[in-house]
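Notes for the one structure printed next.
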Amino acid sequence: MGEITPRDGIEGITPYKAGEAKIAGRDTAIKLSANETPLGPSPEARKAYLEAAQSMEIYPDGGYGGLRGAIAKRYGLDASRIVCGNGSDELFHLLAQAFLGKGDEAIHTEHGFAVYRIATQAAGGVPVEVTESGLTTDVDAILAAVTDRTRMVFVANPNNPTGTYIPIDEVKRLQAGLPGNVLLIMDAAYAEYVQRNDYEAGLELVATSPNVVMTRTFSKVHGLAALRVGWLYGPETVVDAMNRVRGPFNVSAPAQAAAMAAIEDTGHVAKSVAHNQEWLEKLTAQFTAIGIEVVPAVANFLLLRFSGEDGKTADAADAFLRERGLILRGTASYKLPDCLRMTIGLAEQNELVVAALTDFMAGSASS
């Protein structure tokens, strides 16, 4: 008798592990492990969600015309070239499903977002990992890895979990160096947070290139992580293929309503960005002062590197923080075992982490 088994390659996928939210033995904890905005969503988005929830028996708009229109208006885009999904994650899977065949290669960087590899493997493709330079995407390394089997290149800009970015000129150099049949996927989940003059999310490059797509999310600065809404801007051929394989109602009606309200509340976004920038600078200075290396970051989190000297390891710091009810993100699965990633939180949350790590680095008692 035979048995039901998944097709080749599926059992080789390492499942994605989300940031932890609870600490064993504690009723409450401060979660700074998932890059969620501390200011929450726009009040208008909450209101729109609750109003939409009054009609849960009605199917959502399968083409999410209102949401595509709101996104197009906000950024000056062609609404017909926008695809929405159940978070950016679904969009990566749809791209892989539509454009990767068995044995086709998709490139990602060594510390890139874990879902790129998962989406590639799930589609039957072969993930190709390239080295980074100074924890930053290396364009030359990517171009050197391209073969006649390459069909996709995933680049997170800014990158998670490192928090680093490459300027738009480097992105353009990457696109110019890729064969025309290779799709460049620019993951700009944290774009709204970046305060650098040489950065662009990729919208103009998409508009002028037949092989570039850009993905964005409502989970970060817009604070709708629980609703799972992502969007993509791409060439007509890519959008057409994705619409052929995606589910007919892949974004719920309450999620669409909340996202439309969120993208229109530019004031709330500005407030969130200002809070983030203030604390990026403060925390970088404070952690550096107590002997923790901080990777220069432009998103809503910091990557903290521990030297390992005198027992000052990332694992020891994580255990110390947990004793105080503080959860950061371990990054061993991203080949960064000596680091912890800290989401920028509210002022009092940030101050608690600084106080705890100051005691840890000084060798003080844990409580």
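The values are calculated or read from the model by the stated rules, or taken from the named source; none is laboratory data. From a predicted model like this one, the values you see are computed outputs, not experimental measurements. Cβ: placed from backbone, ideal geometry, glycine included. Neighbour counts: every protein chain shown. The accessibility values were calculated without ligands, DNA or RNA, using every heavy atom of the protein model including side chains. Shrake-Rupley method; radii C 1.70, N 1.55, O 1.52, S 1.80 Å.
Structural remarks
- Remark: for residue pairs Lys220/Lys335; Lys312/Lys335; Lys17/Lys220, the C-alpha separation exceeds 20 Å in Lys220/Lys335.
- Tensor-based shape of the range 1-65 (alpha-carbon gyration tensor, a/c under 1.5 rounded, otherwise prolate or oblate): oblate
- Solvent-accessible area per residue, Å², over the chain with all protein chains present [probe radius 1.4 Å]: 44
- Annotation: amide H of Ser133 within the under-5 Å range of Asp138, sequence separation 5 or more or interchain, hydrogens built in the peptide plane.
- Note on the chain: with a GNM built from Cα contacts shorter than 10 Å, the maximum mean-square fluctuation among Ala52, Ala123, Ala144 falls on Ala144.
- With DNA, RNA and ligands ignored, accessible area of Phe320 (1.4 Å probe; Å², nearest 10): 20
- For the range 190-244, the set of trypsin sites (Lys or Arg not before Pro) satisfying both a DSSP loop assignment and a count of at most 12 other C-beta atoms within 10 Å is given as Arg196.
- Sequentially through the range 36-47, phi angles give Karplus couplings (6.51, -1.76, 1.60; θ = phi - 60°) of 7, 6, x, 8, x, x, 4, x, 5, 5, 4, 4 Hz, Gly and Pro residues having no value and appearing as x.
- In a DSSP loop and with at most 15 other Cβ atoms within 10 Å, the trypsin sites (Lys or Arg not before Pro) in the range 97-177 are Lys102, Arg149.
- Inter-part distance, the range 1-56 to the range 217-237, computed on C-alpha centroids, equals 15 Å.
- The accessible surface of the range 135-203, taken with every protein chain in place and a 1.4 Å probe, is 44 percent carbon and sulfur.
- For the range 329-335, Karplus couplings with θ = phi - 60° (6.51, -1.76, 1.60), whole Hz, Gly/Pro x: 10, x, 10, 4, 5, 9, 6
- Shape class of the range 178-318 from the Cα gyration tensor (axes a ≥ b ≥ c, square roots of the eigenvalues): prolate, since a/c reaches 1.5 or more and a/b is larger than b/c.
- Using the Karplus relation 6.51 cos²θ - 1.76 cosθ + 1.60 with θ = phi - 60°, the per-residue 3J(HN,Hα) values for the range 75-87 come to 10, x, 10, 8, 4, 6, 9, 10, 10, 10, x, 7, x Hz, with x marking Gly and Pro.
- Across the chain, the longest run free of exposed loop sites, meaning GluC sites (Glu not before Pro) lying outside DSSP classes H, G, I, E and B with no more than 10 other Cβ atoms within 10 Å, spans 58-367.
- Accessible surface for Ile118 stands near 30 Å², nearest 10, in the context of the full protein assembly shown (1.4 Å probe).
- Taking log10 I(q)/I(0) by the Debye sum over Cα atoms at q = 0.11, 0.13, 0.14 Å⁻¹ as calculated from this structure, the corresponding entry among [x] -0.71, -0.98, -1.13; [y] -0.80, -1.00, -1.09; [z] -0.79, -1.09, -1.24 is [z].
- The chain - share of DSSP beta bridges that are antiparallel (%, nearest 5): 50
- Cα shape, the range 174-237, gyration tensor, a/c 1.5 rule: oblate
- Ranking of Val206, Val146 by solvent-accessible surface, largest first: Val146, Val206 (1.4 Å probe, protein heavy atoms only, all chains present).
- Of the trypsin sites (Lys or Arg not before Pro) in the range 285-367, those whose Cβ has at most 15 other Cβ within 10 Å and which sit in DSSP loop: Lys335
- The calculated FRET efficiency for Thr5 paired with Asp78, based on their beta-carbon distance and R0 = 45 Å, is about 0.55.
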